[in-house]
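**Student:** Structure below; questions to follow.
The values are calculated or read from the model by the stated rules, or taken from the named source; none is laboratory data. This one's a predicted model, so the numbers in the text were calculated from it and none came from an experiment. As a convention, Cβ positions derive from the backbone with ideal geometry for all residues, glycine included, and neighbour counts pool all protein chains shown. We work out accessible area using only protein heavy atoms, side chains counted, and drop any ligands, DNA or RNA first. Shrake-Rupley method; radii C 1.70, N 1.55, O 1.52, S 1.80 Å.
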Amino acid sequence: MTDTAFEEAVERYADMVFRLAYSYLRNRADAEDVMQETLLKLYRESAFDTLEHERYWVVRVAVNECKRLLRSPWRRRTGPLEEVLETASLDTPAQSELFQQVMALPPRYRAAIYLHYYEGYSVREIASVMNANLSTVQTWLMRARGQLRTNLKEAESP
């Protein structure tokens with residue numbers, strides 16, 4: 001991959017990879033590490049048919065890096081949820097509440113929600129990227145929506 005092609009790829013994917021990793025890991029430093037590893041692997045890889053193929057590959061590598069980091073015995077533990085929320089800048093109280101609830105979901109649910117609603121991936125594509133069955137991803141999304149619905153209703157009622 002040429003330097004200019006890599007610079008263009010970084011512009012295209014850096015933010016997306018960071019947001020995906022952050023939603024998966026809930027730790028800014030770990031998300032930055034995943035982003036760096038993913039982009040380094042992209043620099044070394046050069047055989048992509050289309051931009052869509054390249055994008056799919058980048059997301060797949062980022063998810064695998066997140067999983068690898070979660071399995072690592074040296075993984076740093078994240079602090080309380082309040083510390084995570086301090087780093088996020090959200091426009092409205094409703095966005096802040098939704099963000100809190102999404103970040104409280106288990107990692108698989110968070111990643112599925114992020115890929116589906118923020119990156120526009122289909123359930124089939126998420127299943128492929130996360131090495132899961134189609135029905136498993138559908139279940140993750142259904143359970144995540146149910147948990148969010150329940151938690152948001154509980155937060156509204158005094």
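**Student:** Looking at S96, is it of a type in the set (G, A, S), assigned to a helix (DSSP H, G or I), surrounded by fewer than 15 Cβ atoms within 10 Å (Cβ to Cβ) and modelled with pLDDT under 90?
**Tutor:** yes
**Student:** Another question, then. Just to check your reading of the model, which residue among R60, R71, R75, R26 is out of contact with any Leu (no Cβ under 9 Å at 6 or more places or on another chain) and at pLDDT below 90?
**Tutor:** From the options R60, R71, R75, R26, the qualifying one is R71.
**Student:** Would it be correct to say that D49 is assigned to a loop (DSSP other than H, G, I, E, B), free of Cβ contacts under 8 Å to residues at least 40 places away in the same chain and either open to solvent by 20 Å² or more (accessible area, probe 1.4 Å) or under 24 Å from E125 (Cα atoms) (or both)?
**Tutor:** Yes; evaluated as a whole, the condition is true for this residue.
**Student:** Oh, and also: For residues that are surrounded by 14 or more Cβ atoms within 10 Å (Cβ to Cβ) and either part of a helix (DSSP H, G or I) or more than 14 Å from the chain's Cα centre (by Cα) (or both), tally how many sit in segment 99-133.
**Tutor:** 22
**Student:** A further question follows. Just checking, how many residues over segment 138-150 are out of contact with any Leu (no Cβ under 9 Å at 6 or more places or on another chain) and open to solvent by less than 50 Å² (accessible area, probe 1.4 Å)?
**Tutor:** The qualifying residues number 4.
**Student:** Are any of the residues in segment 26-35 in contact (Cβ under 8 Å) with a residue 60 or more places away in the chain and open to solvent by 10 Å² or more (accessible area, probe 1.4 Å)?
**Tutor:** The initial filter retains those residues of segment 26-35 that are in contact (Cβ under 8 Å) with a residue 60 or more places away in the chain, namely 26.
The next check asks that each one be open to solvent by 10 Å² or more (accessible area, probe 1.4 Å); those that pass are 26.
Scanning segment 26-35 turns up at least one residue that is in contact (Cβ under 8 Å) with a residue 60 or more places away in the chain and open to solvent by 10 Å² or more (accessible area, probe 1.4 Å).
**Student:** Moving to a separate point now. Report, by residue number, each residue of segment 12-38 that is over 14 Å from the mean Cα position of the chain (by Cα) and either aromatic (F, W, Y) or closer than 18 Å to E119 by Cα (or both).
**Tutor:** R12
**Student:** For residues in segment 1-31 being in a helix (DSSP H, G or I) and hydroxyl-bearing (S, T, Y), which is nearest to R68 (Cα to Cα)?
**Tutor:** Here the residue is Y24.
**Student:** From the residues in segment 9-23 that are at pLDDT 90 or above and not aliphatic (A, V, I, L, M), which one is most open to solvent (accessible area, probe 1.4 Å)?
**Tutor:** Selected residue: E11.
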